[in-house]
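Taken together, the values in this text are just the output of simple stated rules run on the coordinates, not laboratory data. Bear in mind the structure is a predicted one, so any value in this text is a computation, not a measurement. Backbone-built Cβ (ideal geometry, glycine too); neighbour counts: all protein chains shown.
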Amino acid sequence: MNTISLDKPLIKRRPFSFEKWAPALLLLTAIILYVVACIVTGQTQYLTLDNLLAVVGRSIALGITAIGQTFAILVASIDLSVASLISASAVLSSVVMNGNPDMVVPAIVLALILGAVVGLLNGLVITQLKVNPLIATLGMSLIIQGVLSAFVSNFAGSVPEEFQFFAYGSVFGLPFGTVFFFGLAFLAFFILRYTRFGSQIYAVGGNPDAARFAGISTTKMIVSAHIICSICAVIAGLYLASRLRSGAPWIGSDGLYDLESIAVVVIGGTILAGGRGGIWGTVAGMLIFSLVDSFFNIIEIDAFVKQVLRGVIIVAAVAFYSVKSRRAVA
Amino acid sequence: MHKLVKHSLALGLMMSLPTMVMAQNFDDPIEFAKQKEQLTMTANGPANKPWEQYIGDRLASTQRFAKKGGSTVCFSNAGVNNPWRVVGYTDMIEEVALHSDIKAFIHVDAEGSDDKQIADINDLLAGGNCDILIVSPNTTAALTPAVEKACQQLPVIVFDRGVQTNCPVTFIHPVGGYGFGIQGAEFVAANVEKGSNVLMLRILPGVDVLETRYSSGLRVLKEAGLNIIGTEFTGADNAKTKSIVEDYLQRGTIDAVWMDAGATAVAAIEAFEDGGYDIPVFVGEDQQDFLQKWKKMDITAIAPTYPTYQWRTAIIAASRILQGESVPGPEWVLPQASITKANLDEFINEAMPPLHYAMCGCEDMPNYPQAWGGK
Amino acid sequence: MNSLVTFARRYTSINWANINPVYFVLAALIVAIILNNPNFIEPTGYMNFLKRAAPLAILAAGQLYVIVSGGFDLSVGSMITLVVVGSSMLTNNDPAATMWVIPVMFGMGALVGLINGMVVCYLRVPSLITTLGMMITLNGFAFLWSGGAPRGYLPDTFRFFGRVSYKDIPLIHMLPVALIVLVVVGLILYWLMHKTNLGRMIHAIGDNPNTAKLAGVSVNQARISAFIVSSLSAVVAGILLGGFAGVSTSVGVGYELQAITAAVLGGAVLLGGRGSVPATIAGALTLMAIFTLLNFLGMPQPVRQIVQGLILIAAVALTMRRKGKHANS
């Protein structure tokens, strides 16, 4: 780990952009699969615009989480604490709001502060105590879950009608949640692509030693990435609280948002070793997940077969990129 | 030292608790009394078909939903993630096969996720061409908005766990958690001395139907003057259950074991068996492995049930509603009988799998027992 | 005389620093447990403890192979479930079937490990994702095979390994078969890891795959072997767990993370290169001792989770400090 790996170029090199187009190819495959399934089973009513919006809306919470996870993975870290944090954020906001519209803003602010603190702690444990990110965030996940379930064991509090706009409202005839998701994705894209902060994130993940030589503080970047990741998880928690009208301590872990968000990011072509990938890949990954889910529903596949296939799909999709890479794997 | 840690932790938790714990009351004396009464009431309907019976006499009229020709029944399932749901779902599939009026049965499985189930219901509403929607909610509170939305478009049936709205045509469920708790605890109270040690084993906190079983069980046991030596969560894990009981046996005697669900009852019995202890009074459930062990070892036991036949009832209700026949509603309360020593033999069937739920009401169905995994 | 003292001091001081702290932690925990529950000194007390810890200890020792080689194996929990469910399906209540069902299970384990290893080596999918996919797939497969609910009991011949204890043995009164299994499997895994060429290769590729390759180590072969060992240890753990408590579809849930935690408590360095089988087994016993102690203290589940999380982070932070010091000196 201490040696400079030979296979990570110091300068980003873009020869044949297979990796760049691979998420799009996978997404296209998923779309074709979905459309063919609709036509073959004679359920063309699933091809209306309304329905396609519903498909996109299936995984908003997962998508928001995955956007944050992308930042963590880009700096060669990872975050397993997102699922517990989602639950914590949903419960905290719903308890603070407790049906009162005046408390919406304080609740959101509190939740965001919670996210920032958790992200900061994750980042510090990883950079200062040199704890492997997987363990650091797994530990954090256990701690959050423990604290949370010490206080609540069921749905707690409720969100006022006004706040349900997040999940159920619409703007310009489009579901607000979906619009928000794409807005967030665009913001993340902008940060990563057009700001110095963004290029430093890539630099730290791609080659920490070179980044350090170039005067970039890896600590600062890793901590920032984790704060962003946790804040996204908190937003996903707020979205779920709005969607479920309340928060419960199991919604994050039941939704498997930790492992699924990682799967979405890597299916989107961001590599676990860090430094390569991007937001649009993650968006494609999230859409692939939604399409596959809907596809399974349309062809009415057995729930257990569905699970088997989902595992295979995750590995196959990642293999689709990685099989060509020369990088060392572990 | 450890006491200090323990107390300060406990204090910290307690101080913040009152402000955090919310509404839902799982120890409601009115509901307790109501279910206690329902346990003894005679149900309406054919006595040999408890899945068609109902307690009380309120009916919901459904002429407005009458439909000519074959119908499409849609079902949003919370999941088939435990044996109880597997048995129930099999009941349902077999019941569908008995109805020629049901042309199509569309089933979507949310795999235990609220978020997914909401999306599933939206999908069905948008494109499923459903004539009626059956929902078995993953959780009560979270699914309420989705069910309310569905009610505006088509008739809805909810069963097992409820929702916080009266909009469905009917909500099908057996008597309930309080009833289940009462049945087991009253049996324990009747079969041990006052002051005896009772171990209470629960699956996990927070689930409505399990919380009410516990609160009513605890109430009855306490009123009978019994000594609760501990309440532990097993997570429905056999190994953990057995370990917990072994630990308690190391520290003292156990005169009775009360469980809020019977899936791990045999593991708990084995802890006594392997340690060379006599088997105490047991509250289990209607799983075959427990019933068989009970008979084989001649245990003083009872099996309250949460009948899987309610999955049949959901289809029967759907079919009747689409023919415009009235159904019990807004609640369809099914009878909830216990299995006792007197009728144990009726329910034992060695050909069935260990975790088959005997109160399935499925013995007369055409594909019994193969469809349920029997031989 | 003087030099002897210096020698002795140096000897002891070196010795103390080199002993893995997990052993002290374990000893301290056991003392704490005994203070809380004197019954623990009775054979039924500590033997039951060892019996329960055996599956995790074996699983963690197997997981260690993958960790030392630089990867993770998240599929072991589902593998346990598959072994228990699959065995109940195959034995079909026939006590004689155990004879061939157990070898079949080992065959299945080897196959799963082989697939994990090959996907990582040849399709170059990171082990985290490979074994995550395998975890989901195997779990689905276990449910699919049994139709969601186990369809048979496990016969007593199968349950022998996890359930039975030899009684009336002088001195210790009882000796669980599971403990014998732990000792035997532990010795094999120790020998394989620390005394054979395979063990050296696994250490080498975890330390630095590029140098290992240059030094002539067959990286793929060693890595695939590590995954196979891990899956096989999951089969053993499954046989013990199924034996201990019978059939259920959730038996393996969460074991993958517990196994990784145990290895980490034993001082294994994630992403490879360092780890010891005895220390990992001690790590597993430590984890179980923590749970037992918290249980005796009457701590509710949430507190257990918090403590587990804190200990996990502290253990790794400590290991990294130790590693850093050694590197500097």
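Listed values, structure above:
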quantity: Alpha-carbon gyration tensor eigenvalues x 5, square-rooted, for chain B, Å; calculated: 37, 25, 19
quantity: Cβ-isolated cysteines (cut-off 4.7 Å), the protein assembly as shown; calculated: A:CYS38, A:CYS229, A:CYS232, C:CYS121
quantity: Positive minus negative residues near B:PRO366 (Lys, Arg vs Asp, Glu; Cβ under 12 Å); calculated: -4
quantity: Charge context of B:ASP274, other residues only, Cβ under 11 angstrom, K/R +1, D/E -1; calculated: +2
quantity: Two-decimal ratio, chain C, of alpha-carbon radius of gyration to 2.2 N^0.38 Å; calculated: 1.04
quantity: Charge tally in the Cβ shell below 14 Å around C:TYR153, where Lys, Arg are +1 and Asp, Glu are -1, C:TYR153 excluded; calculated: +1
quantity: Kirkwood hydrodynamic radius of the protein assembly as shown, Cα pairs, Å; calculated: 29.9
quantity: In Å, descending, principal axis extents of the Cα set of segment C:171-248; calculated: 53, 34, 14
quantity: Choice from C:ASN20, C:ASN36, C:ASN93 with maximal GNM fluctuation in chain C (Cα, 10 Å cutoff); calculated: C:ASN36
quantity: Top positive-direction residue, dipole computed over the protein assembly as shown with Cβ charges, set A:LEU33, C:GLY152, C:LEU111; calculated: C:LEU111
quantity: Point-charge dipole on Cβ atoms (K/R +1, D/E -1) for chain A, about Cα centre, debye to 20; calculated: 1340
quantity: Restraint check, B:LYS49/B:LYS149; B:LYS295/C:LYS167; B:LYS49/B:LYS296; B:LYS34/B:LYS341; B:LYS296/B:LYS341; B:LYS116/B:LYS149, Cα-Cα greater than 23 Å; calculated: B:LYS49/B:LYS149; B:LYS295/C:LYS167; B:LYS49/B:LYS296; B:LYS34/B:LYS341
quantity: Nearest 10 degrees, 0 to 90: helix B:29-40 Cα axis against chain B principal axis; calculated: 80
quantity: Chain C: most fluctuating residue of C:VAL307, C:VAL264, C:VAL84 per GNM, C-alpha cutoff 10 Å; calculated: C:VAL307
quantity: DSSP-assigned coil residues among GluC sites (Glu not before Pro) in segment B:175-225, each with at most 16 further Cβ atoms within 10 Å; calculated: B:GLU193
quantity: Chain A, helix-only ellipticity at 222 nm - DSSP H runs n ≥ 4, -39,500 (n - 2.57), divided by all residues, nearest 500; calculated: -23000 deg cm²/dmol
quantity: Surface/4 estimate of mean projected area, convex hull on alpha-carbon atoms of segment A:185-306, nm²; calculated: 9.1
quantity: Translational diffusion of segment A:60-279, µm² s⁻¹ [Kirkwood Rh, Cα pairs; Stokes-Einstein; 20 °C; 1.002 mPa s]; calculated: 125
quantity: Distant-in-sequence amide H partners of B:ILE228 (H built 1.01 Å from N, under 5 Å); calculated: B:VAL198
quantity: With Cα atoms, 0 to 90° folded angle of helix B:208-223 axis to chain B main axis; calculated: 40
quantity: Charge dipole (debye, nearest 20) of segment B:177-304; +1 at Cβ of Lys and Arg, -1 at Cβ of Asp and Glu; calculated: 180
quantity: Kyte-Doolittle at least 1.6, axis length at least 27 Å by Cα - qualifying DSSP helices, chain C; calculated: C:98-122, C:277-296
quantity: Candidates B:LEU125, B:LEU39, B:LEU334: whichever shows maximal mean-square fluctuation once chain B is modelled as a Gaussian network with Cα springs under 10 Å; calculated: B:LEU125
quantity: Partners for A:LYS220 among lysines (Cα-Cα distance below 27 Å; same-chain residues under 8 apart left out); calculated: A:LYS8, A:LYS12, A:LYS130, C:LYS323, C:LYS325
quantity: Within chain C, helix-based [θ] at 222 nm, where runs of 4 or more DSSP H residues each add -39,500 (n - 2.57), nearest 500; calculated: -25500 deg cm²/dmol
quantity: At least 20 Å along the helix axis (C-alpha) and Kyte average at least -1.0, DSSP helices within chain A; calculated: A:18-40, A:60-74, A:82-97, A:104-128, A:133-151, A:176-194, A:218-244, A:279-298, A:303-322
quantity: Crossing angle, helix B:114-127 versus chain B [Cα axis fit, 0-90 degrees, rounded to tens]; calculated: 10
